[in-house]
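This report refers to the structure that appears directly beneath it.
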Amino acid sequence: MRIVLVAFLVLLSLATPAQAESPPTGCGFQSLGRLPLTGATTAGTALDGDRVYSVTSSASGPAMLGIRDAADGSLIAERPLPLALGSWAVTVAPDHSVYVGSYNATAGAMGRLFRYDPVADKVSELGIAVPGETFVWTVAASPDGSAVYGGTSPNGRLFRYDTATGRTADLGSPVPGEQFVRDLAVGADGTVYAGVGAQSMKVAVVAPDGAVRQVIEPPVEGAGYAYDLDLVGHHLLVRFTTSTGANPMGVYDLAAKAWKDVVPDVDSLTVGGGRHGHTVHLVQDDELIEYDLKSGKITKLGFGDFGGGAARTLGWIGTTLVGTSSTGRLWHYDRRAGKGVLFESTLTGQPVSIRSMGVGPDGRIYAGGFFTGGLASYDPATGETRSWPNVGQSEGIVTHRGKLYLGVYPGARIYEFDGEQPRLLLGLGEQEQDRPFAMVSAGDWLAFGTVPKAGVLGGALGLLDPATGEKVIERDLIPGHSIIGLAYRDGVLYGTTSAFGGTNVPQGEAQAFAYDVAGRSLKWRTTPVPGNLALGSLAFDGAGRLWGLSPDSLFELDPATGRALRTVKHQTYPWQTVSQVWLDTYVEAGRDGMLYGKVQGKVYRIDPVTMKLTLIVRPISNLVKGADGHMYLSRFESFSTYRLC
């Protein structure tokens, strides 16, 4: 799923001091403040007259509704959206009210709906859109202003907000079994068109009351999403994102009830926002193009400076097309002059959540940012921090043979990073892979395990020799499963899986396995914790024992056979109701002979003799052992250490 298109042009910031005692001394838990990870990520944006409305995401909230002058991008105001972390969903109703659908997986927050009144300059929080749904992906207002429709995940619900009564109705799943209602368009007669995913890419045609009238099959094969929808006259434009990374746009004739054309490689987030008569403006191969709906002719316009990220065409001010980038920048294209201009972002950068952490060859702790991306480092010896803001979302970070490697989403891309400029080594987008969570140094090989793209089953185990470029990719090694945990010893890779791939349907129970690197073969595979759908991370301790930590169990494996030698259930986990679980644990041997683990947002000290877990701190999102032997932790944008004495 293409969420953010990130250019790896790295801009190195000045070194900055940590926001706490640096370096820390003493024992136990100590806050280190924040790492320099900030950004203005604006996935959701809309144009109304001379104003551009954009929502800037924030690590721990609140997200901010930014109001800018469409003529020059100057900032008019920013207003907080309580209990929202960000938004892809912004629309303007006929009365100029701005409606925002948000995301937040925190219990009690969830996906909410907001209304901004530009006359009163007031944000009103309208409540959770659909109970249990964490993400409102799209909102669209009816032409008569009577309703605002929205689509959600993880259960693919459609809802209707009545603007007169203030009541929200759950209209159900227009295509049962799909996880996402990804985008909406509303016709002049009130008909709602709902694009779904992550498997079928169908478009549901829905009456204003929620009754499904028709389901339109996609003109392309495979799994993915009907990602962007727009109505232009009697044409329905649908941009699909597929599991192979392709982004074709289908042109559907509503009168003939048939697909008229398929335009390849459309990358803009909206496909009708740049309408001018019977032409629409799209982004193809990083360049603005004009597509004629009557003839199907494509004209390249020679402009492609959108400011990085994903471009979105919004609409027109006279002869000027106004657009934005997901990096927070605004751009213009004058169709008469045939020239474009890019404006610097005036939005306030917000803290970025730490997505992943790893230890570099220089002993620094490296942290990758969520969504916006970015990479930051912390030097335990001096307390200095550095940042590289335009690095993509790193799912895995590891040192191999004296160099740092990043596993980046989307497309399961592997980069080598020398502290100045990252270098792309390979990507598995064409093999339908997305998230390289598991990374480990395995002798001469850099080994990694992946989660496939949304709607796809079957992760991959990858081996890469950076010195020679030789690679081995074992797709679907454990059928239907993602590979989420790896450990290495004496020529053997030990791994764990999640029974979830890119779908919300588990493929049996999670497994552990051993893979002979030289022989390119499985030595064994087992189900060490019956009932678990994801096993989590693995680590060897100083005595050569192999440990695994799953969301509800701690277990010791026999490296020779994979048999569970000992297992203890440390807490409960709602396996019967979860819709997707990938990597949610971390386990590492401490220098004091204890194990340290992170699971369900808590960090524990674990006695390997008694297998007793002692709570250290909560809530925590990430844990890693530093080269200095101390533990480093993060929660949203906050960074801390637990010093072992």
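The values are calculated or read from the model by the stated rules, or taken from the named source; none is laboratory data. Keep in mind that what you see is a predicted model, and the values were worked out from it rather than measured. Positions of Cβ are backbone-derived with ideal geometry, glycine not excepted, and every protein chain shown enters the neighbour counts. Surface accessibility is based on the protein's heavy atoms, side chains included, excluding ligands, DNA and RNA. Shrake-Rupley method; radii C 1.70, N 1.55, O 1.52, S 1.80 Å.
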statement: Residues meeting the amide H criterion for V529 (H placed from the backbone, H to H distance under 5 Å, 5 or more places apart or on another chain) are none
- request: Sort out the exposed loop GluC sites (Glu not before Pro) in the chain (DSSP loop, at most 13 other Cβ within 10 Å) and tell me the longest stretch that has none.
  value: 22-220
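Let's test the formula: R0 of 22 Å, r as the Cβ-Cβ distance of T577 and R213. What FRET efficiency results, to the nearest 0.05?
0.10
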task: If a/c stays under 1.5 just call it rounded; otherwise compare a/b with b/c (prolate if a/b is bigger, oblate if not). Do that for the stretch 119-198, with a ≥ b ≥ c from the square roots of the Cα gyration tensor eigenvalues.
output: oblate
- prompt: Can you pull the accessible area of R355 for me, 1.4 Å probe, Å² to the nearest 10?
  reply: 70
- prompt: By a straight-distance test (C-alpha under 30 Å), which lysines pair with K300 as possible cross-link partners, with residues fewer than eight away in the same chain excluded?
  reply: K202, K257, K260, K339
- line: In the neighbourhood of K257 defined by beta carbon distances under 14 Å, the net charge of the other residues (Lys, Arg +1; Asp, Glu -1) is 0
- prompt: If Lys and Arg each add +1 and Asp and Glu each add -1, what is the summed charge of the other residues whose beta carbon sits under 13 Å from the beta carbon of P208?
  reply: -2
field: Karplus-derived 3J(HN,Hα), 6.51/-1.76/1.60, for each residue of the stretch 521-527, Hz, glycine and proline x
entry: 8, 6, 8, 7, 8, 9, 10
task: Could you point to the residue in A84, V203, A43 farthest towards the positive end of the chain's charge dipole, with +1 and -1 charges on the Cβ of Lys/Arg and Asp/Glu respectively?
output: A84
message: Among the listed pairs K403/K602; K453/K523; K602/K625; K523/K569; K523/K598, which have their C-alpha atoms separated by more than 23 angstrom in this model?
response: K403/K602; K453/K523; K523/K569; K523/K598
Surface/4 of the Cα convex hull for the chain, nm²: 27.3
message: Probe radius 1.4 Å, ligands and nucleic acids left out: which of V232, V359 has the largest accessible area, and how do the rest follow?
response: V359, V232
query: Tell me, what is the percent relative contact order of the chain, built from C-alpha pairs under 8 Å that lie six or more residues apart?
result: 10
message: Per residue, how much accessible surface does the stretch 377-462 expose to a 1.4 Å probe? Answer in Å², no decimals.
response: 29
query: How big is the charge dipole of the stretch 188-271 about its Cα centre, in debye rounded to the nearest 20, if each Lys and Arg gets +1 on its Cβ and each Asp and Glu gets -1 on its Cβ?
result: 180
Accessible area (Å², 1.4 Å probe, nearest 10) - K297: 130
- request: With θ set to phi - 60°, apply the Karplus curve 6.51 cos²θ - 1.76 cosθ + 1.60 along the stretch 432-447 and write out the HN-Hα couplings as whole Hz, x wherever there is a Gly or Pro.
  value: 6, 9, 10, 10, x, 5, 8, 9, 8, 7, 10, x, 6, 9, 8, 10
statement: Along the stretch 230-238, Karplus-curve 3J(HN,Hα) (6.51, -1.76, 1.60; θ = phi - 60°) to the nearest Hz, with x for Gly and Pro, reads 8, 9, 10, x, 9, 10, 9, 9, 10
field: Net charge dipole size for the chain [Lys, Arg +1 and Asp, Glu -1 on Cβ; Debye, nearest 20]
entry: 960
- prompt: Of L538, L557, A518, whose Cα points farthest to the positive end of the dipole of the stretch 498-567 (charges on the beta-carbon: +1 Lys, Arg; -1 Asp, Glu; origin at the Cα centre)?
  reply: A518
statement: Lys and Arg at +1, Asp and Glu at -1: neighbours of A564 with Cβ under 11 Å from its Cβ sum to 0
